[in-house]
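To start, the structure itself, in structure tokens.
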Amino acid sequence: MNGTVRRSGYLEQMHGSKGATGVIKVITGMRRCGKSTLMEQFEEDLRSEGVDSNHIFHVNFETFEGYDILSPDELRRQLRALPKDGIVYVMLDEIQDVEGWELIVSSLEEVKNYDVYITGSNSDMLSTDLSTHLSGRYIEIKMLPLSFGEYYELHPGNAEDRFVQYLRYGGLPDTDPDRGERHSLGYLEGVFSTVLVKDVLSRLRTDNVNKIRAIARFLYSNVGNITNIATIAQGTGLNPGTVERYVGGMESALLFYHAEKYDIVGKKLLSTNGKYYASDLGMRYMALKGSGTDDLSRPLENAVYLELIRRGYTVRIGSYRDKEVDFTAVMGNDVEYYQVAMTVLSEETKKREFGSLEAIRDNFPKTVLTMDRFNLGNFGGIRVVNVIDWMLGR
């Protein structure tokens, strides 16, 4: 492990909102994706810019120091003692562990010289009373595990070898592939169990670990497959109501993302079906414990989905008449279409992957991403690009 990597994209978002008092910056992301390190990097930036230490209040409620002020009364006492002159940067890490945190955060919004940043491991943060109290006066920064570019900066070497490791062990910053599989899987198992217990089961007020693990394994096994609640219920033998509740809990804990199906011709969402993608591929590898993990095509598609999200696109599964396009990526008025394939060297595969894109008659960019290093370029308006180069921005 080579220490930490600077999360430049997220820091740019934080600096872009710096000094905007009265607007709460909410950083959400799955547990252990790097939110605490991001806050530390932002604090370092503030200090390097000359901000006095007494104008920075930073608490991580999952550290020993943070445990001492988990009491809302103690937290309020320390906040009241902060300077009343100049901007005070208030950074509260994993704030959801504090009882009544929503009211505390909403009260900070009214303090004119407080620039407030909070993090949490559950997307429900913004569907609780917080959003009601803030009346829309917040900015959400959605954080993902490491991109492959960040991963490769942290673990340099042969890009192809590192990319295969990335598809297997995922992008949680503390996962160290150089320590071997046993170490990596042990770490990932610990994170996975913590997420299930602290971020899913406790919020659903249930302790049925076996049911939720069964659903998680089904979703991990079917990454890249069109599915719905009924399919998951049938595959796991569980009641559809239970499945819907548990899947919603795992989505809220940011273990999975749901990509809706989009009718390219009719320009409308098809709400009945979609695909679920893992927020971290290491979790998938650990949960499946070798079953079906030799096939890299599913994690490859998953990694491309996450990268498009990371780059700011709204990503949906494309449907064009009887053909499927892996991803329709939308940003403002711009649309891009992507197919993902391990290889397109065979004529059969090339025909299948190109056929879906060729059928679309608009002029938006169309790209096939592949592990191939040969026969790349532009073919009739369809770009064929090596996925590693694309991930690294080459």
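The values are calculated or read from the model by the stated rules, or taken from the named source; none is laboratory data. What you see is a predicted model, and the numbers here were worked out from it, not measured in a lab. Here the Cβ positions follow ideal geometry from the backbone for every residue, glycine too, while neighbour counts run over all protein chains shown.
Pull up the range 205-250, narrow it to residues that are touching a residue at least 24 places away in the same chain (Cβ under 8 Å) and in a loop (DSSP other than H, G, I, E, B), then point me to the one that is surrounded by the most Cβ atoms within 10 Å (Cβ to Cβ).
Val223
Right, Asp73: of a type outside the set (A, V, I, L, M), out of contact with any Leu (no Cβ under 6 Å at 6 or more places or on another chain), modelled with pLDDT under 95 and more than 30 Å from Gly170 (Cβ to Cβ) or not? Break it down into steps so the answer makes sense when it comes.
On the way: of a type outside the set (A, V, I, L, M): yes; out of contact with any Leu (no Cβ under 6 Å at 6 or more places or on another chain): yes; modelled with pLDDT under 95: yes; more than 30 Å from Gly170 (Cβ to Cβ): yes.
Considered against the rule, which asks whether it is of a type outside the set (A, V, I, L, M), out of contact with any Leu (no Cβ under 6 Å at 6 or more places or on another chain), modelled with pLDDT under 95 and more than 30 Å from Gly170 (Cβ to Cβ), Asp73 comes out as yes.
Can you find even one residue in the range 83-100 that is part of a loop (DSSP other than H, G, I, E, B), β-branched (Val, Ile, Thr), modelled with pLDDT of 90 or more and outside the structural domain of Thr194 (by TED's automatic domain parsing)?
yes
Out of (1) part of a strand (DSSP E or B); (2) closer than 16 Å to Gly29 by Cα, what's the single condition that is false for Pro145?
Looking at each condition in turn, Pro145 falls short on (1).
Return a yes/no flag: does the range 140-157 have any residue that is surrounded by fewer than 13 Cβ atoms within 10 Å (Cβ to Cβ) and over 25 Å from Leu201 (Cα atoms).
Yes, the range 140-157 has at least one match.
Restricting attention to the range 180-204, and to residues there that are basic (Lys, Arg) and touching a residue at least 60 places away in the same chain (Cβ under 8 Å), which single residue is farthest from Gly3 (Cα to Cα)?
My answer is Arg203.
Let me spell it out: the conditions are (1) small (Gly, Ala, Ser); (2) at pLDDT below 95; (3) closer than 22 Å to Thr293 by Cβ, and Ala216 meets all of them except one. Which number is the exception?
Condition not satisfied by Ala216: (2).
If a residue counts only when it is under 23 Å from Ala253 (Cβ atoms), which helices (runs of 4 or more DSSP H) contained entirely in the range 274-386 have at least 2 such residues? It would help to see each step written out before you state the result.
Values: elements: 281-288, 297-310, 347-359.
The helices (runs of 4 or more DSSP H) meeting that bar are 281-288, 297-310.
So, of the residues in the range 265-286 that are over 14 Å from Pro145 (Cβ atoms) and crowded, with 22+ Cβ neighbours inside 10 Å, which turns out to be modelled with the highest pLDDT?
Our first condition is that a residue be over 14 Å from Pro145 (Cβ atoms); within the range 265-286, this holds for 265-276.
Narrowing further to those that are crowded, with 22+ Cβ neighbours inside 10 Å: 275-276.
Details: Lys275: 93, Tyr276: 96.
Only one residue tops the list, namely Tyr276.
For Leu376, which of the numbered conditions (1) over 19 Å from Tyr305 (Cβ atoms); (2) at pLDDT below 90; (3) touching a strand residue (DSSP E or B) at 6+ places or on another chain (Cβ under 6 Å) fails to hold?
Unmet for Leu376, out of (1) over 19 Å from Tyr305 (Cβ atoms); (2) at pLDDT below 90; (3) touching a strand residue (DSSP E or B) at 6+ places or on another chain (Cβ under 6 Å): (2).
Residues of the range 1-45 being in contact with a His (Cβ under 9 Å, 6 or more places away or on another chain) and surrounded by fewer than 21 Cβ atoms within 10 Å (Cβ to Cβ), which ones? So that I can check it myself, show each step before the final result.
So in the range 1-45, the residues in contact with a His (Cβ under 9 Å, 6 or more places away or on another chain) come out as 1-2, 39-40, 42-43, 45.
Met1, Asn2, Glu40, Glu43, Asp45 - these are the residues of the range 1-45 that are in contact with a His (Cβ under 9 Å, 6 or more places away or on another chain) and surrounded by fewer than 21 Cβ atoms within 10 Å (Cβ to Cβ).
Going through Asp93, Asp97, Asp124 one at a time, which residue ends up being over 23 Å from Gly16 (Cβ atoms) and in contact (Cβ under 8 Å) with a residue 40 or more places away in the chain? Full working, then the answer.
Working: Asp93 fails: over 23 Å from Gly16 (Cβ atoms); Asp97 fails: in contact (Cβ under 8 Å) with a residue 40 or more places away in the chain.
Step by step, each of Asp93, Asp97, Asp124 is checked, and only Asp124 is over 23 Å from Gly16 (Cβ atoms) and in contact (Cβ under 8 Å) with a residue 40 or more places away in the chain.
How many residues, within the range 321-357, are in contact with a Lys or Arg (Cβ under 7 Å, 6 or more places away or on another chain), over 17 Å from Met371 (Cα atoms) and surrounded by 15 or more Cβ atoms within 10 Å (Cβ to Cβ)?
4
Given (1) surrounded by 14 or more Cβ atoms within 10 Å (Cβ to Cβ); (2) more than 20 Å from the chain's Cα centre (by Cα); (3) touching a residue at least 60 places away in the same chain (Cβ under 8 Å), where does Arg137 come up short, assuming only one miss?
The failed condition is (1).
Restricting to the range 2-58, name every residue that is out of contact with any Pro (no Cβ under 9 Å at 6 or more places or on another chain), aliphatic (A, V, I, L, M) and in a loop (DSSP other than H, G, I, E, B).
Listed by number, the residues that qualify are Ala20, Val23, Val51.
Residue pairs, Cβ under 6 Å, 6 or more apart or interchain, first in the range 302-317 and touching a residue at least 24 places away in the same chain (Cβ under 8 Å), second of a type in the set (Asp, Glu) and part of a strand (DSSP E or B). List them.
Qualifying pairs under 6 Å: Arg316/Glu260.
Restrict the check to the range 41-64 and report whether at least one residue is touching a Leu at 6+ places or on another chain (Cβ under 8 Å), over 30 Å from Gln165 (Cα atoms) and touching a residue at least 40 places away in the same chain (Cβ under 8 Å).
no
Specify the residue that is nearest to Ile388 (Cα to Cα); the eligible residues are those in the range 150-181 that are small (Gly, Ala, Ser) and more than 15 Å from the chain's Cα centre (by Cα).
Only one residue fits best here, namely Ala159.
Which is out of contact with any Cys (no Cβ under 6 Å at 6 or more places or on another chain) and modelled with pLDDT of 90 or more, of Thr370, Thr349, Thr293?
Answer to the check: Thr370.
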